[in-house]
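What follows draws every value from the coordinates through simple rules; no lab data is involved. Nothing here was measured: the structure is a model prediction, and the numbers come from that model. Methodologically, a virtual Cβ is constructed for each residue, glycine included, from the backbone with ideal geometry; neighbour enumeration extends over all protein chains shown.
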Amino acid sequence: MAGAVKVFRHPARHGYAVENSPFFPNRLACASSQYYGIAGCGTVLVLEEGENGISHIVSFNWKDGLYDVTWSENNEHVLVTGSGDGSLQVWDTARSQGLLQVLNEHKQEVYSVDWSLTRGEALVVSGSWDHAAKVWDLERPHSLNTFHGHQGVIYSTIWSPLIPGCFASASGDGTLRVWDVKAGVSRVVIGAHAMEILSCDWCKYNENVLVTGAVDCSLRVWDLRNVRQPIAELLGHTYAIRRVKFSPHHHTVLASVSYDFTVRFWDFQRAAPLLDTLEHHTEFVCGLDFNMHIPNQVMDCAWDETVKIYTPSCLSSLPCIT
C-alpha cells in the first residue's frame, strides 16, 4: 500500500523514464513519447510536487521518441535525454528555447543515458540499440570513447556511484557487463539471464552489488566478487521487468516496475523479500526513481499517460540511512 498518491496526467504522452533532481527535492523530469514510442515526437517534462499535487514547470519537444532522461550533477538546470533517432539532447530548463546541444553518433535508438555521480567526473554514458555504449564529456563535441562487446541491444547503462570511471551495462544478449572507462574494456561479464535484460542498477552502499531485471520476469542480485550465481533471485512479476532501482536510503531495498502494470518493493536479504506490490497503473510501467532528498518517496511513470509520486507504506517502518 502507498500513502496519498499525487498524479500528473499528460495526454497523448506515454512515460518512459523519470528522474528526481539532485538539486531540488520536489522537482523531477520525465521522458515521454507519442504513440507509445513507435512514432511521433517525444517530450521531456519538468515537473514539481507541491501541497496540492504535481505542477508543470516547463517542457520541450523533440522530433522522435524520448526513452531516458538524466539530470546534470553540476548544473541545476541542465538535463540530457536519449532519443529514438540515435541522438542525445542536452537541455537547459532555464532557457525558453531549451536545446543546448545534440550529440549524434549512435546508429540506432538511444535507450539509456546516465550522468556520473562520482566527484571529479562530469561524464554521461549512453547505451544504444546499435550494441554500443558511449561516454561523453559535454564540453567536447564528440564522445570520448565507444565501448563494444555486447552482442545485442543495450537497454541500460548505469554509472557506479562509488567507483570512478566505472559503469555497468545490460543487454538483450543476456549479459551484464562492468566497464573500465580508462582501459576501454569490460572487466566483468556475467551471463545474468537466459533472456533479454532490460535494466540494471548499482547498490548505493556496496560497490560490488548490482541488480538486473529481465524479460524472464526475475530480478537477480549479483556480487562482483563471485559471479557464478546470484546472491538473491526475486520472483513475483508476471511480465518483463522494465526498470530496477536501489533505494538511496536502505542498504538492501530496491524497487522494480514491469509490463505487468505493477510496482514492487523488495528487501533482497529477507527470506520473504517481496515487501509490497502496487497496482496503480493501467498500462506498462516504464519509469521509476527514488527521491534522494525525501526518504521513502518514490516516483514512477507509465504508458497510461501519468506520472505518480507517493510514499509506500512498506518502507516507512524501515530504518533509513541519512
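Expressed as a rounded percentage, what relative contact order does region 19-71 have, with Cα pairs under 8 Å and six or more residues apart? Mind dumping the intermediate values first?
Values: 115 pairs, mean separation 20.0, N = 53.
Answer for region 19-71 is 38 percent.
Of the listed pairs K245/K308; K134/K308; K63/K204; K134/K182, which have alpha-carbon separations greater than 23 Å here?
Numbers: K245/K308 16 Å; K134/K308 31 Å; K63/K204 35 Å; K134/K182 13 Å.
Beyond 23 Å between Cα atoms: K134/K308; K63/K204.
Based on other C-beta atoms within 10 Å, arrange V153, V307 from fewest to most.
The most exposed by this proxy come first: V153, V307.
Compute the distance in nm between two label points, each set 7 Å from the Cα along the Cα-to-Cβ direction, one at E48 and one at N74.
Each label point is offset 7 Å from its Cα along the Cβ direction, giving 2.6 nm.
Suppose R0 equals 35 Å; then what is the FRET efficiency for I38 and Q151 from their Cβ-Cβ distance, rounded to the nearest 0.05? The partial results should precede the final answer.
Details: r = 25 Å, r/R0 = 0.72.
Calculated value: 0.90.
Sort region 1-107 into rounded, prolate or oblate with this rule: let a ≥ b ≥ c be the square roots of the eigenvalues of the Cα gyration tensor; rounded if a/c is under 1.5, and if a/c is not under 1.5, prolate when a/b is larger than b/c, oblate otherwise.
Cα axes put region 1-107 in the oblate bin.
Placing unit charges on C-beta atoms (Lys and Arg positive, Asp and Glu negative, everything else neutral), compute the dipole magnitude of region 1-71 about its Cα centre in debye, rounded to 20.
Value, rounded to 20: 180 debye.
Might you report the magnitude of the Cβ-based charge dipole of region 6-316 about its Cα centre, with Lys and Arg at +1 and Asp and Glu at -1, to the nearest 20 debye?
Dipole about the Cα centre, nearest 20: 400 debye.
Looking only at chymotrypsin sites (Phe, Trp or Tyr not before Pro) in DSSP loops with at most 14 other Cβ atoms within 10 Å, what is the longest site-free stretch of the chain?
24-238
If you take every residue apart from S83 with its C-beta less than 10 Å away from the C-beta of S83, what net charge results, scoring Lys and Arg +1 and Asp and Glu -1?
-3
How high is the FRET efficiency from N206 to S96, r the C-beta distance, R0 45 Å, rounded to 0.05?
For R0 = 45 Å, the calculated efficiency reads 0.55.
Give the residue list of trypsin sites (Lys or Arg not before Pro) in region 151-207 that are DSSP loop and have at most 12 other beta-carbon atoms within 10 angstrom.
Sparse-neighbourhood loop trypsin sites (Lys or Arg not before Pro): K182.
At a threshold of 8 angstrom on Cα-Cα distance, excluding pairs fewer than six apart, so keeping six or more, what relative contact order does region 6-316 reach in percent?
For region 6-316, the relative contact order is 13 percent.
How much length, in nm to one decimal, is gained on full extension between M292 and N61, taken as 0.36 nm per residue of separation minus their Cα-Cα distance?
Result for the pair: 80.4 nm of gain on full extension.
Hey, rough spin-label estimate for I321 and H251, points 7 angstrom out along Cα→Cβ, what's it come to in nanometres?
0.8
Tell me, C320, C41, C301, C30 in order of fewest to most beta-carbon neighbours within 10 Å?
Lowest count first: C320, C41, C30, C301.
How far apart, in nanometres, would the label points at I231 and D137 be if each is projected 7 angstrom from Cα along the Cα-to-Cβ direction?
For I231 paired with D137, the spin-label model returns 3.4 nm.
So for I154, I54, fewest C-beta neighbours within 10 Å to most, what's the order? Provide the component values of the computation, followed by the final result.
Values: I154 29, I54 21.
Listed from fewest to most nearby Cβ atoms, that is I54, I154.
Do the sum for the chain: with -39,500 (n - 2.57) for every DSSP H run of n ≥ 4, divided by all residues, what is the mean residue ellipticity at 222 nm, to the nearest 500 deg cm²/dmol?
0 deg cm²/dmol, from helical runs alone.
Would you grab the residues whose amide H sits under 5 Å from the one on T262? Only those 5+ places off in sequence or on another chain, please, with H modelled 1.01 Å from N.
When sequence neighbours closer than 5 places are left aside, the close amide H contacts are V285.
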